[in-house]
1. Contour minus end-to-end for LYS282 and LEU65, with contour as 0.36 nm per residue of separation and end-to-end as the Cα-Cα distance?
2. How many angstrom lie between the Cα centre of region 1-65 and the Cα centre of region 275-319?
3. What residue among PHE290, PHE123, PHE263 shows peak mean-square fluctuation when the chain is described by a Gaussian network model with Cα springs under 10 Å?
4. Given points 7 Å out from each Cα along the Cα-Cβ axis, report the GLU294 to LYS213 separation in nanometres with one decimal.
5. Taking loop as defined by DSSP and a crowding limit of 14 other beta carbons within 10 Å, which GluC sites (Glu not before Pro) in region 273-316 fit?
6. Are there trypsin sites (Lys or Arg not before Pro) in region 117-170 that DSSP puts in a loop and that have at most 15 other Cβ atoms within 10 Å, and which ones?
7. Would you grab the residues whose amide H sits under 5 Å from the one on ASP261? Only those 5+ places off in sequence or on another chain, please, with H modelled 1.01 Å from N.
8. Report the local net charge at ARG222: Lys and Arg +1, Asp and Glu -1, summed over other residues whose C-beta lies under 13 Å from its C-beta.
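The values are calculated or read from the model by the stated rules, or taken from the named source; none is laboratory data. In this text, all values refer to a predicted model and were calculated from it rather than measured experimentally. Counting neighbours? That spans all protein chains shown, and the Cβs are built from the backbone with ideal geometry, glycine included. Note: accessible area is taken over every heavy atom of the protein model, side chains too, but ligands, DNA and RNA are not part of it. Shrake-Rupley method; radii C 1.70, N 1.55, O 1.52, S 1.80 Å.
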Amino acid sequence: MKKKILVTGGTGYIGSHTVVELINAGYHPVIIDNLSNSDIKVLEQIRQITGVTPEFYEIDLCDKLRFNAFMEHQQDIAGVIHFAAFKAVGESVEQPLKYYDNNFGSLINVLQCFAQRQVAFVFSSSCTVYGQPDVLPVSEDAPIKKAESPYGNTKQVAEEILKDVARTADNYQIVSLRYFNPVGAHASALIGELPRGVPQNLVPFITQSASGKRGPLTVFGRDYNTPDGSCIRDFIHVVDLAKAHVAALKYLEEQKEVKYDVFNIGTGNGYSVLEAINAFNKTTGEKLIFKTGERRAGDIEKVWGDVSKAARLLSWKATLGIDEMMRSAWAWEKYLKATELQDA
Ligand code: WQD
């Protein structure tokens with residue numbers, strides 16, 4: 001019998017890639033998603049990649065009654081990967097209650113639903129919890145800085161909630177994965193990121209700008225204290241990131257004594273915004289037009305992760321570099337342009 005894993009937000013960007021890796025690893029993912037920031041067509045794309053149409057339910061996790069009724073019929077869930085959350089930093093500053101209500105409401109409802117059941121729980125956290133670290137690469141025991149946005153705050157507080165739950169109830173085993181900057185798309189170019197409106201994140205803006213869907217990229221600030229003056233990030237390929245979730249589940253299956261743990265998920269290498277643009281140009285043969293603009297409020301100057309803990313305990317390591325991140329992001333953009341997923 002394949003182990004059933006509930007994947008909340010499983011039609012989203014990271015969720016869909018993780019569903020593929022779960023299927024590849026012999027699990028039976030059960031997706032719930034309210035489709036607020038994803039498209040139902042992703043299920044057919046996953047079928048084309050894996051040969052399996054994943055089990056899917058359109059449910060809003062904040063609808064506690066409906067979610068609980070659904071879970072009555074799902075007694076054999078062995079694990080949960082909880083992606084479902086709002087994630088736009090700028091929007092969270094404008095509409096904090098929307099973020100607190102959705103991101104905490106859904107988390108608490110899932111946790112309460114498993115109050116009487118044994119469960120392995122993997123949570124999507126973010127390197128945003130570190131703010132600007134004092135020491136680089138930043139490791140998991142670095143201090144948590146005051147969040148710059150309500151979005152960042154939901155990740156910090158969610159980690160606290162999870163720690164409290166793991167401390168007080170024996171049935172949960174919980175891992176928080178602190179993602180660095182997820183980019184790229186599946187090698188098949190059948191799934192990838194589907195940003196709504198103007199992308200706020202760097203790589204989707206680069207690919208949309210190069211494809212002519214947007215104007216020139218603005219590089220936000222070239223006067224930072226970095227070698228080329230632009231910010232530095234630890235970009236992580238979304239397929240490597242997806243595999244980290246499978247590794248986290250296996251870790252919890254094998255290490256029954258683990259109650260709560262946290263891991264950085266990145267490559268451990270920092271690339272500047274200008275280096276990312278160069279990598280895009282080099283791997284795609286495009287010549288991206290960009291201009292320099294003001295610093296963006298709330299941006300961190302430089303961050304990259306110490307990823308040795310994940311290597312040691314999860315036996316997981318990123319295998320795909322910046323070139324493959326850019327190549328796959330570009331292949332996905334071209335696929336979108338050629339198909340009806342474009343306006344999803
Ligand atoms: C990367 C760099 C920008 C767009 C955010 C969230 C984080 C995480 C991932 C998500 C920065 C620069 C960007 C552009 C630019 N969470 N940039 N021009 O800010 O590191 O992280 O997304 O769910 O919590 O904060 O990622 O891709 O927005 O920016 O110059 O048009 O690219 O200033 O230096 P960021 P990003």
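1. Values: separation 217, 0.36 × 217 = 78.12 nm, distance 5.17 nm.
Here the answer is 73.0 nm.
2. Using only Cα atoms, the two centres lie 27 Å from each other.
3. Among PHE290, PHE123, PHE263, the largest GNM mean-square fluctuation belongs to PHE290.
4. Modelled inter-label distance: 2.8 nm.
5. Working: sites: GLU275, GLU286, GLU294, GLU301; in loops: GLU286, GLU294, GLU301.
Those satisfying the criteria are GLU294, GLU301.
6. Sites meeting the loop and neighbour criteria: ARG117, LYS146.
7. Those lying under 5 Å, H to H, from ASP261 are ILE174, VAL175, SER176.
8. On the way: positive: LYS291, ARG295, ARG296; negative: ASP223, ASP228, GLU275, GLU294, ASP299, GLU301.
Surrounding charge for ARG222 is -3.
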